[in-house]
Amino acid sequence: MQRISHHLLLCATATQAKCCDSALGAQTWNELKSVVRELNLENTERPEGIVLRSKADCLRVCERGPILLVWPDGIWYADVSPDRIKRIVEQHIICQQPVEEWILKRTPFEKINDLPAGKI
């Protein structure tokens, strides 16, 4: 099985478009696909693992979109636009330094093995 370094979930083209303009969402999604390919992050030979990307209909934030959730880091970026995508991917994914000024919230991922007894 391939190692996965990150999964980028972009809430950009919601059916009801509550979080952002659907045209902006589509442009942002296209830029995300382009940048991931340009930086060769889908390469199965990448030692850190591949970077997956998924377009989500809704991440239940419904404001300040498009919203980009970076898993497993649990970092949610707000107001993501085509001109912000490359910086987020280069700085956060490649250099492992989140872009602090664009973060909406943090929800760190906890592995089941890391949870205290009784929380499973």
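Filtered by the rule that a residue be in contact with a strand residue (DSSP E or B) (Cβ under 9 Å, 6 or more places away or on another chain) and either among the polar types (S, T, N, Q) or touching a residue at least 60 places away in the same chain (Cβ under 8 Å) (or both), segment 13-33 gives THR13, THR28. Against the test of being in contact (Cβ under 8 Å) with a residue 24 or more places away in the chain and at positive phi, the options GLY65, GLY49 yield a single qualifying residue, GLY49. Of the candidates GLU31, GLU38, the single residue that is within 23 Å of GLU90 (Cα to Cα), modelled with pLDDT of 90 or more, within 15 Å of the chain's Cα centre (by Cα) and among the charged types (D, E, K, R) is GLU31.
Just to check your reading of the model, which residue among VAL36, VAL80 is part of a helix (DSSP H, G or I), in contact (Cβ under 8 Å) with a residue 40 or more places away in the chain and not hydroxyl-bearing (Ser, Thr, Tyr)? After applying the criteria, what remains is VAL36. When segment 19-54 is filtered for residues that are out of contact with any Leu (no Cβ under 6 Å at 6 or more places or on another chain) and of a type in the set (D, E, K, R), the ones remaining, listed by number, are ASP21, GLU31, LYS33, ARG37, GLU38, GLU42, GLU45, ARG46, GLU48.
The values are calculated or read from the model by the stated rules, or taken from the named source; none is laboratory data. The structure presented is a predicted model; accordingly, all values stated were derived computationally and were not measured. In this analysis, Cβ positions are derived from the backbone assuming ideal geometry, glycine residues included, and neighbour counts consider all displayed protein chains.
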